[in-house]
Amino acid sequence: MLGGYRIEGRRAAEIAASVERAVGAGELEPGQLLPPMRELAVELGVNPNTVAAAYRTLRERGVIETAGRRGSRVRPRPATTGREHARVLVPEGVRDVADGNPDPALLPSLAKAFAAAGEQGDRDPVLYGDDAVEPELARIARARLDADGVPDGPLAVASGSLDAIERVLVAHLKPGDTVAVEDPGWGSLLDLIPALGLRMVPVGVDDEGPRPDDVRRALDSGVRALIVTDRVQNPTGAVVSATRARALRSVLREHPETLLIEDDHGYGIVDLPLHPLAGVTHSWALVRSVAKAYGPDLRLAVLTGDEVTVDRVRGRQRLGAGWVSRLLQRAVVRLWTDSGHDPTAVAATYGERRDLLLRALAERGVEAHGRSGLNVWIPVPDETGAVAHLMHAGWAVAPGARFRTSSPPGIRITTATLTEEETGPLAAAVARAVGPGPERSHV
């Protein structure tokens, strides 16, 4: 059942750690069936309750899943290994269009912003007991949220979008609760949820965002939370339109106890308007990060929401990290107010590069999606074959397995640094890799 690996341990924590180490090392593979609890208890010479406690710990950590009489098995994508196990290794000479990174040439210089923030810190040092949120950051962020129609609410600052989303989930949910997530969706989020001991219900996505009928089915089934990417959806580039937002608000009004989390991580690189859903449910949060516009190493996201949610996040944060560095917050303020950096021009550049590839693919009869952001999503009949074919042709693309739970296969191409000269050859290679379909023209 386990090949050559032998689970060890006398205590529940030791047994769980033994399984977790094996999963992380690849000795226990995704989908592998674990021994029945009583059988393993006999083998280890322990009480069956000890094994049951170990398996429960592994479920809560997102390492294994249990399907009643069918037993327990390693999750298809265990939290121990993460979706990065599906990352493509890019050989020398192969063009990497898989990484999802912004174009370094479009990121502003950080030197002046941090120098100014440091000088401010010398004049006005931050001490224990000071506010966790830089006042000027709060003022600018609140004004911009107001301009986008986001309901009024207190602010918190977290170390990036994923940190903020995790804090909101933990503030409201407990292990075993169910969360509705976009499918395909952000791979890191799809890893985080089972790692918190939460269960996922997939919700389909089209170019206008989550499908209302799928959201309704999920909420009717009893899910406790819904996570929506308003713009720059990863990997599809979907944007919640005004029409879709009205439809989703209508669904949410029927379930006011749902925790709603909106992710606007593409703020600063998108030229399409925000249509927030916030304010329909009692508990809500909207998150904006600076990673895409100013660089992934700037681990900062602004979070707003209802008073209870933000108060819980702040309270738990005080007991752990305390606060996100005010030096970092002051640097972001400088970047936000830097007249030499034009977010509109940056968004337009990313849009031009993305649209060039979309047009080239359309000319070759290839279906592709990417209304916003840095990526293009291409449905494919054979994901593994398409990735391998493109690698052989000199292009490294991201396999859709990193972003899917139950949706059909696909590949993601990052267009952030794609040049006009590269677009045609890449589109031609994709067309050859995908192959002619019933509705595709022949090239």
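A few remarks follow.
- Every condition in (1) of a type outside the set (S, T, N, Q); (2) closer than 19 Å to SER339 by Cβ; (3) in contact with a strand residue (DSSP E or B) (Cβ under 6 Å, 6 or more places away or on another chain) holds for PRO108 except the one numbered (3).
- Looking across segment 304-324 at every residue that is in contact with a strand residue (DSSP E or B) (Cβ under 6 Å, 6 or more places away or on another chain) and part of a loop (DSSP other than H, G, I, E, B), the one that is farthest from LEU173 (Cα to Cα) is identified as VAL324.
- Within segment 1-26, the set of residues being part of a loop (DSSP other than H, G, I, E, B), touching a residue at least 24 places away in the same chain (Cβ under 8 Å) and charged (D, E, K, R) comprises GLU8, ARG10, ARG11.
- Any hit, segment 27-41, residues being outside any loop (DSSP other than H, G, I, E, B), under 29 Å from the mean Cα position of the chain (by Cα) and without any contact (Cβ under 8 Å) to a residue 40 or more places away in the chain: no
- All conditions but one from (1) under 19 Å from GLY237 (Cβ atoms); (2) at pLDDT 95 or above apply to GLU421; the one that does not is (1).
- Filtering segment 140-157 for residues that are assigned by TED's automatic domain parsing to the domain that holds GLY305, under 20 Å from the mean Cα position of the chain (by Cα) and assigned to a helix (DSSP H, G or I) leaves an empty set.
- Answer from VAL51, VAL97, VAL74, VAL90 - the residue that is at pLDDT below 90 and in contact with a helix residue (DSSP H, G or I) (Cβ under 8 Å, 6 or more places away or on another chain): VAL74
- Cβ-Cβ contacts under 8 Å between residues 6 or more apart (or on different chains), taken from a first residue in segment 176-191 that is within 16 Å of ARG75 (Cα to Cα) to a second residue that is among the aromatic types (Phe, Trp, Tyr), are listed as GLY187/PHE403; LEU190/PHE403.
- Checked against the criterion of being touching a residue at least 24 places away in the same chain (Cβ under 8 Å), out of contact with any strand residue (DSSP E or B) (no Cβ under 8 Å at 6 or more places or on another chain) and buried (at least 20 other Cβ atoms within 10 Å of the Cβ), segment 135-148 contains not a single residue that satisfies it.
The values are calculated or read from the model by the stated rules, or taken from the named source; none is laboratory data. All values derive from a computational prediction rather than experimental measurement. Positions of Cβ are backbone-derived with ideal geometry, glycine not excepted, and every protein chain shown enters the neighbour counts.
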